[in-house]
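Report on one structure; see the data block that follows.
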Amino acid sequence: MRPIVLAATSSLLVLASACGANGQTGQAAAPGAPVETRPANGATQTPAFAGQTRAPGVQTGVTLRHAVVASGLEHPWGMALLPDGDWLVTERPGRLRIISAAGQVGEPITGLPAVDARGQGGLLDVTLSPGFAGDRTIFWSYAEPRDGGNATSVARGVLSADGRSVGEVQVIFRALPIYDGDKHFGSTLAFDPAGHLFITLGERSDAPMRPQAQQLDSHMGKVVRINADGSVPQDNPFVGQAGALPEIWSLGHRNVQGIAVQPGTGAVWTIEHGTRGGDELNRPEAGKNYGWPIIAYGVEYRGAPINEGITARAGLEQPVYYWDPVIAPGGQTFYSGAMFPGWQGNLLIAGLGGKSLTRLVLEGDRVVGEERLLTGLGQRIRDVAVGPDGAVWVITDEDDGKLVRLAAE
């Protein structure tokens, strides 16, 4: 692997007619015009309600600068802010590192279990215990090798005082069934205000696995909710139901790789990958069914309709928002910080295929504005988080992955 180095490159992002808020050269979109101008793949499909897609474009009214703080990371996937301002960053091949805010990159942390780093699998998300200041416990998700294949698992452990190792490791959740594949593991992690751990899971992509997103005897294509010790909250919606896995919170998802808990409301928001079109922003509620693969926006990768080609059916939930064409979303976070007062409560979404950071303006549970940032970076943005001073940090999912800071001038 190449050496990991501190990078000193930066790029000025000027708000002017020739250079938009995202650093993209050319004439900025007219105020209010949607940022997406390409034709939809689902050309005959219509949204279920006004504003469900292609919200009016908005622009940030300050000058922005992004700086590459560290580079040489191998497909970084998840990030978590430590109390001292440093970052825990995962690399998909199975490494977890601490990177300082100044760009000093630590050696791989020891003590993590083996991962199945094939295709989209490997070491995935990382998050801190709500009581990290006292217990130094961290949680991570990963593609776990198992007899006959693999599946997503979640483990917890105690980070040593020097940040070099993890001890007292326990696997607290193992998704079922086992499958020998290399796609759609999910998986992101978030704690709600009551201390429940939400875990997002993919349906493993392949056609024979897709129907399991609708099956309650499978974790595939689900959002699950557990306690921090791995036990099941007794108010989960399917506890006690015959044939249902009690960890399930919501069903009918495709490949959820972003989750965020909304400040103030405690509501859980997720974002998932569509096919050619149909990336979805959802606010999953207990026991509800979000439709995949029965209903979906967009089309199959080969261009054919998805199943019956329908986008709505009674008893199946609509997404809050969808994209067609896709942005291929990664992680997401709600903005809360002093640096960008106009962004308070906005949702920031990492974009892989779109190689951009999407900012969504929300009013209640509706999207009323969209902006694309960091398009000049030209990298697959995997995850996003907010630093102590309100600056926005992202990691890029590349062979030479980067840790990048976006700040106001």
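The values are calculated or read from the model by the stated rules, or taken from the named source; none is laboratory data. Small disclaimer: the values here were computed from a predicted structure and weren't measured. Cβ: placed from backbone, ideal geometry, glycine included. Neighbour counts: every protein chain shown. Ligands, DNA and RNA are stripped out before the accessible areas are found, and what is left, the full protein with its side chains, is counted by its heavy atoms. Shrake-Rupley method; radii C 1.70, N 1.55, O 1.52, S 1.80 Å.
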Per the helix-only model, the chain has a calculated mean residue ellipticity at 222 nm (DSSP H runs of ≥4, -39500 (n - 2.57) each, divided over all residues, rounded to the nearest 500) of 0 deg cm²/dmol
How much length, in nm to one decimal, is gained on full extension between Thr63 and Tyr301, taken as 0.36 nm per residue of separation minus their Cα-Cα distance?
-> 81.8 nm
In percent, what relative contact order does the stretch 59-211 have, based on Cα pairs under 8 Å that are 6 or more apart in sequence?
-> 16
Placed amide H near Gly122: partners under 5 Å, 5+ positions off or other chain = Asp116, Ala143
Extension gain Glu363-Ser336, at 0.36 nm per residue separation less the Cα-Cα distance, in nm?
-> 8.2 nm
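For the chain, calculate the relative contact order in percent as a whole number, restricting contacts to Cα pairs under 8 Å that are 6 or more residues apart.
Value for the chain: 16 percent.
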Computed ³J(HN,Hα) along the stretch 378-387: with the Karplus parameters 6.51/-1.76/1.60, θ = phi - 60°, integer Hz and x for glycine or proline, the list is x, 10, 6, 8, 8, 9, 9, 8, 10, x
Report the full-extension gain for the segment Ala50 to Asp229: residue separation times 0.36 nm, less the Cα-Cα distance, to one decimal in nm.
-> 60.2 nm
Place a point 7 Å from the Cα of Ala133 in the direction of its beta carbon; the residues of the stretch 387-408 whose amide N falls under 17 Å from it are 388-389
Charge dipole of the chain about the Cα centre (unit charges at C-beta), most positive-ward option of Ala338, Ala385, Ala408 = Ala408
Cross-link reach list, lysines versus Lys288, counting only Cα pairs under 30 Å and skipping chain neighbours closer than eight places | Lys183, Lys222
Tabulate in residue order the Karplus-calculated ³J(HN,Hα) for the stretch 272-280, using 6.51 cos²θ - 1.76 cosθ + 1.60 with θ = phi - 60°, rounded to whole Hz; enter x for Gly and Pro.
-> 9, 6, x, 8, 8, x, x, 4, 10
Non-local amide H neighbours of Glu317 (under 5 Å, H modeled in plane, Pro and chain starts lacking H): which ones?
-> Asn289, Tyr290, Gly291
Among 167-173, 63-69, 381-387, the order from most to least packed when residues are scored by Cβ within 10 Å on average = 381-387, 63-69, 167-173
With the 8 Å Cα cutoff and a minimum separation of six or more residues, the stretch 120-180 has a relative contact order in percent of 27
Where the only charges are on Cβ atoms (+1 Lys, Arg; -1 Asp, Glu), what is the dipole of the stretch 254-409 about its Cα centre, to the nearest 20 debye?
-> 100
Does a label point 7 Å from the Cα of Lys183, set along Cα-to-beta-carbon, have any residues of the stretch 241-276 with amide nitrogen under 14 Å, and which are they?
-> 254-256, 273-276
Cβ charges +1 (Lys, Arg) and -1 (Asp, Glu), total dipole of the chain, debye | 600
List the residues of the stretch 78-109 whose backbone N lies under 17 Å from a point placed 7 Å from the Cα of Ser165 along the Cα-to-Cβ direction.
-> 96-98, 107-109
Hz values of 3J(HN,Hα) by residue in the stretch 298-310 - Karplus curve (6.51, -1.76, 1.60), Gly and Pro given as x = x, 9, 4, 4, 7, x, 6, x, 7, 6, 7, x, 9
Sum of side-chain charges, Pro388 neighbourhood, beta-carbon under 15 Å (Lys, Arg +1; Asp, Glu -1) | -2
Share of the stretch 214-319's accessible area from carbon and sulfur, percent, 1.4 Å?
-> 49
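Give me the 1.4 Å probe accessible area per residue for the chain, excluding ligands and nucleic acids, in Å².
Details: 15420 Å² over 409 residues.
So the chain comes to 38 Å² accessible per residue, rounded to a whole number.
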Expressed to one decimal in nm², the mean projection of the alpha carbon convex hull of the stretch 90-146 is 4.8
